[in-house]
Amino acid sequence: MKQHILPATLLTLCCLVLFNIIYPLAMYGVGLLIGPNNGKGEIVAARGRTVGYARLGQSFTEDRYFWSRPSAVGYNAVGSAGSNKGPSNPDYLKTVQERIDTFIAHNPGIRADQVPSELVTASGSGLDPDLSPQAARVQAARIARVRQIDPARVEQLIKAHTKGPLLGLFGPTTVNVLELNLALDAL
Amino acid sequence: MSTELSGILAAFFITLAMAWPLGRYIARIYSGERTWTDPVLGPLEKLFFRISRIDASQEMTWQEHMKAMLTINLVWLLATVFVLMNMAWLPLNPDGNPSMSADLAFNTAISFVVNCNLQHYSGESGLSYLGQIWLMFLHFVSAGTGMAAAAVLFNALRERQSTTLGNFYDYFLKSCTRILLPISVVTTLLLLAEGTPMTFEGKDSIVTLQGDTVQVSRGPVAAFVAIKHVGTNGGGFFGANSTHPLENPTYFTSLVEMVAQFIVPLAMVFAFGFYLKRRRLGAMVLGVMTVGFLLLVIPNIVFEMNGNPTISTMGIDQSSGAMEGKEVRLGSGLSAYWSILTTVISTGSVGAMHDSTMPLSGMNELLAMMVNGLYGGCGVGLLNFFIYVIIAVFIAGLMVGRTPEFLGKKVEAREVKIAMFTTLLSPLLIMGGTALAAWTLVQHPDLPWLNNPGFHGFSEMLYEMTSANANNGSGFEGLGDNNPFWNISTGFVLLLGRFIPIIGPIAIAGLLAGKKYIPESTGTLKVDTLTFGIMIFSVIAILTALSYFPALALGPIAEYFSM
C-alpha cells in the first residue's frame, strides 16, 4: 500500500484542479452567457421591484390570490423539505381532512370531489411553484367574488397561463401560481 | 395515452437509444483503442500521470488493483473529513454556514467517497460552497472508482489465461475524463439553459407578492447536479434534492436528469457485450435486468397514479395521483418512475419524497436496493450482477452434474465461497443494522427518530440501512438521522457495503483469469441463452425473497394491509 500513497495523492491533486476548478469555472462562464439572469436564477419583476424567483413557489394564503399548495416548510427557500408523512399516518390524514374543510369553508359551493389532491398535500420541496389547471379553476369562483370581477375573466386568465405538456406530448399540464397572481393584479 | 405515460416511455427509450453508442465507445476506451476524444484528453491524462509519477502501462494483478483503489479512497476520505470539519473559516462561504461535527463529517465523508450520498444534513445550511464543490469532486472520482473496477472485471473475463488485468489508475482516470466529464458538461449546459443557477453569490432576499420577506438559497448548482446524476451519486445540492425547483426547474430538466443518471449504468451493460465480443451475453444480462426493472416500476406507477386510498375515502379528486411529497411539474407518473430508477441504479436522487409513497411502492424501492444489481450503480452494478451469475452457474452446474464453468473458466469452491460471502453480507448488514436500531429505540422510546408511527416507522429505519448498504443515498427522509447513532452505524454499513462487494467480485474475476482457458465444447453450459437468463433471474428472486421477506412483512406489507 505504501508505494501507492504518493501517486494517489498527486493524482488526487490533478483531479482536484480539473474537476474542482476548471470544470465549475468553465460552467460558471457558460452560465453567465446562456443562463437566465446570468446564471443567478430567473427573477420576476413587477411594480418596479423583484417579487420572486420564476421557478420558486411562494406562499399565497389571502383569499384574493390563487392559493399555492400546502408546504411542509412554509415556502422557506433556505430550508427546502417535504413533510415525509407516511400514507397511513393518522395525524397526517387528519391534517389532510382539515385542509379539505378549510378549503371548502373559503370556497362555498365547492364540493369535496372537485378539490384535487395536490391542493391538500404538501410538495416534495415545499417550494412547488405550480398548480394543475383544475386546482386553479376550483378557486376561480372565490377569486371572482372577492375581487368582484366576472368569473369568466378569471377562467380566461387561467387558460391563458396554462402550460401544456412538453412539445404537446410529454408530461403534465401546469399553471405557475406567481405568474397567474401577477396577471390577476394587473387586471 | 396520457401525456404522463408518454413522458415515461420517452425517458426510457431515449436513454436506451443513447446508451448503445455510448456502450460501444466505453468498450473502446477500456480496450485502449483510438477514440475521437484522444487528441484533447490524451495529452491531459499523460500530463496527470507524469505529475503523479504513475506508469499507466504497468499491468497490475487483482490484488494490486485493490491496493491502489483502497489507498486512493483513503486519501479522499481523510481530505474530505478535513474540509468538512473546517468549512466555517475556509473560503467560499458567503452564507456563513458552520463546519460539520465530527460524527456528521465522518458519515458524510464516507457517504460521498463510496458513491452513496446519504445526507444527514441539508445543503442550504450544512455546507459552504467549498464543501459543495469538494463533494462534486467526489461525485466524479467515486463513480470513476466503480467504473474502473468494472473495467478490471471486463479485462479478467477475456478468453485467455493471465494474472495481470490492466492498470487501475489508467481505468480510473479515463472513466472520469473520457466518460463522466463530457456527459456532465452536456448535461450542465441543458440545465443552465433551463434556469438552474450557477452562481457563487450567497443568499438572496426578496419580498414576495403577498408582502412576506423571504431568503433564497442559491449556489453553483448546475455543474453539481449534472455529475450528481451522471455518476449515479444522487447527493443533492439542496435538502430537497431534485424535487427542488432550482435543482430541477422543468419537466424537460426532469427528463434530462433521468437520462443522465441512467445512461452510464445502461451503457456499461452494452460495453460489457462489446468489450468481450459476446453481444448475446450482453443482451441476456440486459434482458434479465430489464425484466426485474419493469416488475418493480410498473406497479409503482400504478400505485402512485391511483392516489392514496385512505385519502380517496375523503371524497376528493384523486386524478393527479398521490401528490404528497410530489411536484406538480413532474406529476405522479414520472415521480413513480423516478423512484424506481433511482433505487435500481443506486443514484438516490429523488424527484419525490419516498417516505410519502404508497406502502408497496416503498417496498419496491427497498427491493430495488436489496437486489442492487438491476443495472446498478456506475460500474458496481455489473459487479453485483456478476456475483449472481457465479451463484447461478454453480447451481446450474450442480443441477446437471458437471463442474461449473463460466466463459471457459472452471468455477471452483473458492470462487463460490467468495460469492456466497459477498451475497450474505447484505442481509447481515441491512437486517443486523435495522435490528440494532429497533432495539435501541425500544430501550429509549423517547429518541426523536421516527416521523411516522407504527409499521411505517419501522420502514423508515429499514430503508435507511438498506440505502446505506446499497450505497444508494435516498431515504425515508422523515427519519431523524443526524445524530451519533445513525451517523456512525450507517458509516460502517456504507464502508462494508461498498468495498466488500467490489473486492469480492474482483477477487473471483482475478482467480478465474488466472485459470487455464478451456475452449467451448458441446458439454459447456451455455450462458448466453434464455434458459440461463431465467436461471439467474430465479437465483436473484429466491435469494432476495429468502433474505428479506420477514423484514418487508413487518414494514411495508403490514402497512399495506392495515390501510
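The range A:48-187: D in µm²/s via Stokes-Einstein (Kirkwood Rh, Cα pairs, 25 °C, 0.890 mPa s)? Mind showing how you got there, number by number?
Working: Rh = 15.8 Å.
The estimated diffusion coefficient comes to 155 µm²/s.
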GNM top mover of A:D128, A:D113, A:D63 - chain A, alpha-carbon springs below 10 Å | A:D113
Starting with the fewest neighbours, write out B:K46, A:K163 ranked by other beta-carbon atoms found within 10 Å of each beta-carbon.
-> B:K46, A:K163
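Between A:T9 and A:H106, what length in nm is gained on full extension when 0.36 nm per residue of separation is reduced by their alpha carbon distance? Walk me through the intermediate numbers first.
Working: separation 97, 0.36 × 97 = 34.92 nm, distance 6.38 nm.
Result for the pair: 28.5 nm of gain on full extension.
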What ranking do B:W338, B:W36, B:W20 get, fewest neighbouring Cβ atoms within 10 angstrom at the top?
-> B:W36, B:W20, B:W338
Can you give me the relative contact order of the range B:282-562 as a percent, contacts being Cα pairs under 8 Å and 6 or more apart?
-> 23 percent
Reachable lysines from A:K40, Cα under 18 Å, same-chain residues fewer than 8 places away excluded?
-> B:K203
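Quick one: compute the contact order of chain B, relative version, from alpha carbon pairs under 8 angstrom and 6+ residues apart, as a percent. Don't skip to the answer; put the middle values down first.
Values: 974 pairs, mean separation 106.6, N = 563.
Relative contact order here is 19 percent.
Give me the percent relative contact order of the range B:3-277, please, defined on Cα pairs under 8 angstrom at least 6 residues apart.
Numbers: 378 pairs, mean separation 73.8, N = 275.
About 27 percent, as a whole number.
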Given the candidates B:M431, B:Y548, B:G510, the one whose Cα lies deepest towards the positive end of the charge dipole of the range B:408-563, counting +1 at each Lys or Arg C-beta and -1 at each Asp or Glu C-beta, is B:G510
How big is the charge dipole of the range B:3-277 about its Cα centre, in debye rounded to the nearest 20, if each Lys and Arg gets +1 on its Cβ and each Asp and Glu gets -1 on its Cβ?
-> 940 debye
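Could you state, as a whole-number percent, how many of the C-alpha pairs of chain B are farther apart than 36 Å? Before the final figure, lay out the partial values.
Details: 49001 of 158203 pairs.
Percent of Cα pairs beyond 36 Å in chain B: 31.
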Could you list B:I508, A:I21, B:I540 in order of exposure, starting from the residue whose Cβ has the fewest other Cβ atoms within 10 Å?
-> A:I21, B:I540, B:I508
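Rounded to the nearest 20 debye, what is the charge dipole size of chain A about its Cα centre when +1 sits on each Lys and Arg Cβ and -1 on each Asp and Glu Cβ? Show your work: numbers first, answer last.
Details: 18 positive and 14 negative charges, 43 e Å.
Dipole size: approximately 200 debye.
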Would you calculate the separation in nanometres between label points at B:L425 and A:I149, each defined as 7 Å from the Cα along the Cα-to-beta-carbon direction?
-> 6.4 nm
Reachable lysines from B:K46, criterion Cα separation under 28 angstrom, eight or more residues apart if same chain | A:K2, B:K67, B:K174, B:K228
Selection from B:N452, B:I301, B:V393, by position along the positive dipole direction of the range B:282-562 (Cβ) | B:V393
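What FRET efficiency, computed as 1/(1 + (r/R0)^6) with R0 = 60 Å and r the Cβ-Cβ distance, is obtained for B:I395 and B:L47, rounded to the nearest 0.05? Don't skip to the answer; put the middle values down first.
Details: r = 49 Å, r/R0 = 0.82.
Computed FRET efficiency for B:I395 and B:L47 comes out at 0.75.
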Virtual spin-label span in nm between B:R280 and B:L9, 7 Å along Cα→Cβ | 3.1 nm
Using a simple charge model, +1 on the beta-carbon of Lys and Arg, -1 on the beta-carbon of Asp and Glu, nothing else, what dipole does the protein assembly as shown show about its Cα centre, in debye to the nearest 20?
-> 2100 debye
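What fraction, in whole percent, of alpha-carbon pairs in the range B:353-479 exceed 18 Å separation?
On the way: 4827 of 8001 pairs.
When every Cα pair of the range B:353-479 is considered, 60 percent fall beyond 18 Å.
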Within the range B:282-562, what is the number of lysine pairs with alpha carbons under 14 Å apart, leaving out pairs fewer than eight places apart on the same chain?
-> 6
Charge dipole of chain B built from unit charges on the beta carbon (Lys, Arg +1; Asp, Glu -1), centred at mean Cα; most positive-end Cα among B:M85, B:G211, B:C176 is B:C176
Label model pair B:A88, A:Q114: point-to-point distance (7 angstrom along the Cα→beta-carbon line) in nm is 5.6 nm
Which value, to two decimals, describes the C-alpha radius of gyration of the range B:3-277 once divided by 2.2 N^0.38 Å?
-> 1.08
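Average projected area of the Cα convex hull of the range B:260-333, in nm²?
Details: hull surface 24.9 nm².
Average projection, Cα convex hull of the range B:260-333: 6.2 nm².
None of the figures in this text is laboratory data; all of them are computed from the coordinates on show. In this text, all values refer to a predicted model and were calculated from it rather than measured experimentally. Here the Cβ is made from the backbone with ideal geometry for all residues, glycine too, and neighbour counts use every protein chain on show.
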